[in-house]
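To keep things clear, I will list the structure first and then write my remarks on it.
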Amino acid sequence: MNTSPDMSIEIAGIPMRNPVMVASGTFGYGVEYADMVDIGSLGAVVVKGICMEPCDGNLPPRMAEVPSGLVNAIGLQGPGVKGFVENYMPFLRQHKTPVIVNIWGRTIEEYANVAAAFDVVEGIAGLELNISCPNVKEGGVSFGTDLRMAAKVISAVRRSTKLPLIPKLSPNVAGIGAFARMAEDEGADAISLINTLPALVIDVETRRPVLRNGVGGLSGAGIHHFAVKQVWDASRVVSIPVIGMGGIYEPDDALRFLLAGASAVAVGTANFTEPRTAMRVIAGMEDYVQRHEYGSIRDVVGMLQYGQVKP
């Protein structure tokens with residue numbers, strides 16, 4: 001008799017029915033996809049980034065589809081803490097699926113204040129920390145690409161909240177391992193990676209950038225194998241769980257992350273083109289566990305047989 005495989009995992013103390021989340025910025029606040037996706041079947045919902053006050057984001061055009069995926073410069077548009085809690089949390093609380101809130105700030109103090117505000121909100125399972133934001137007090141240098149500043153913001157947020165803390169690491173650094181180790185040392189309960197890569201889309205007829213903001217962030221299939229390598233590098237130097245994301249469209253894409261050392265994954269850009277991608281990925285991963293006769297999906301993690309390929 002066939003039985004369903006054990007797909008359950010625990011990330012940063014958060015129990016999940018399976019390792020498939022939906023990535024911040026690609027699934028809104030859940031309600032936008034409720035008619036198309038069974039939210040109760042997801043491992044977790046990571047909502048769009050929230051800062052203390054409402055943010056309008058960048059002026060359009062702010063998204064451009066490219067052959068390798070999507071380039072966006074949305075600018076972290078969001079309703080602020082109060083708007084999110086009042087308008088979206090009542091809906092999200094109706095489901096049994098963990099809610100992880102992506103948070104950001106313009107200063108270290110704002111990051112800490114946002115984290116503290118969510119610490120008392122019912123139904124929040126954890127915080128994903130977007131450290132790819134510019135520090136306005138330091139001349140606009142990104143928190144995520146400066147090891148010292150990244151450590152300061154993670155440490156400040158750690159002191160401000162008891163919730164599980166998951167820094168989302170920037171790929172735009174010389175060595176992801178140093179940032180992964182730093183995040184663990186500063187009290188992170190898990191790490192997620194990768195965030196988008198900088199990209200510039202040019203209209204050759206007008207000789208101008210397609211996006212109003214100029215440069216945007218590239219996501220989708222074009223960054224997938226780079227993201228897998230980043231997860232591989234990070235997972236070898238930390239003992240906390242790693243969440244992998246970047247170009248997941250099919251079950252095999254998600255499985256590559258797990259084999260490279262990730263304990264969970266997040267489906268991102270694919271949500272825009274096929275909202276049920278996460279459902280298909282979950283089903284495919286279940287089939288993989290059964291076909292290979294693993295005891296659970298957890299047995300797949302880190303099983304990459306790395307070495308020189310024999311001819």
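State the dimensionless ratio Rg/Rh of the chain (Rg: radius of gyration of Cα atoms; Rh: Kirkwood radius). Show your work: numbers first, answer last.
Numbers: Rg = 18.6 Å, Rh = 19.6 Å.
We get a ratio of 0.95 for the chain.
When DSSP beta bridges are restricted to pairs lying wholly in the stretch 54-165, around 55% turn out antiparallel. Within the chain, the longest run free of exposed loop sites, counting GluC sites (Glu not before Pro) that sit outside DSSP helix and strand states (H, G, I, E, B) and have at most 15 other Cβ atoms within 10 Å, spans 1-121.
With charges set only on the Cβ (+1 for Lys and Arg, -1 for Asp and Glu), what does the dipole of the chain come to about its Cα centre, in debye to the nearest 20?
Working: 26 positive and 31 negative charges, 108 e Å.
With only Lys, Arg, Asp and Glu charged at Cβ, the dipole is about 520 debye.
Under the shape rule built on the C-alpha gyration tensor, where the axes satisfy a ≥ b ≥ c, the stretch 56-130 is prolate, since a/c reaches at least 1.5 and a/b is greater than b/c.
For a quick check: sort Tyr111, Tyr306 by the number of other beta carbons within 10 angstrom, fewest at the front.
Numbers: Tyr111 28, Tyr306 8.
Arranged by neighbour count, lowest to highest, Tyr111, Tyr306 become Tyr306, Tyr111.
Once C-alpha pairs closer than 8 Å and six or more residues apart are averaged by separation and normalised to the residue number of the chain, the relative contact order reads 20 percent. Modelled label positions at Val66 and Lys229, each set 7 Å beyond Cα in the direction of Cβ, lie 1.7 nm from each other. Classify the stretch 73-195 from the C-alpha gyration tensor, please: rounded if a/c falls under 1.5, else prolate or oblate depending on whether a/b exceeds b/c. Verdict is prolate for the stretch 73-195.
Each label point was placed 7 Å from the Cα along the Cα-to-Cβ direction; for Lys82 and Asp287 their separation is 5.0 nm. Measuring against 29 Å, Cα to Cα, the residue pairs Lys152/Lys229; Lys96/Lys152; Lys82/Lys152; Lys48/Lys162 contain Lys96/Lys152 as the ones spanning a longer distance. In the chain, helical runs assigned H by DSSP with n ≥ 4 each contribute -39500 (n - 2.57); averaged across all residues and rounded to the nearest 500, the mean residue ellipticity at 222 nm is -8000 deg cm²/dmol.
The stretch between Asp119 and Leu200 holds 25.4 nm of extra length on full extension. This uses 0.36 nm per residue minus the Cα-Cα distance. Annotation: the antiparallel percentage among DSSP beta bridges lying fully within the chain is about 40.
Using a cutoff of 8 angstrom between alpha carbon atoms and counting only pairs six or more residues apart, the relative contact order for the stretch 155-311 works out to 18 percent. Shape class of the stretch 150-234 from the alpha-carbon gyration tensor: prolate, with a/c at 1.5 or above and a/b greater than b/c.
FYI, it's all coordinate maths here, none of it is from the lab. Worth saying up front: this structure is predicted, and the values here are computed from it rather than measured. We place every Cβ from the backbone using ideal geometry, glycine too, and count neighbours over all the protein chains shown.
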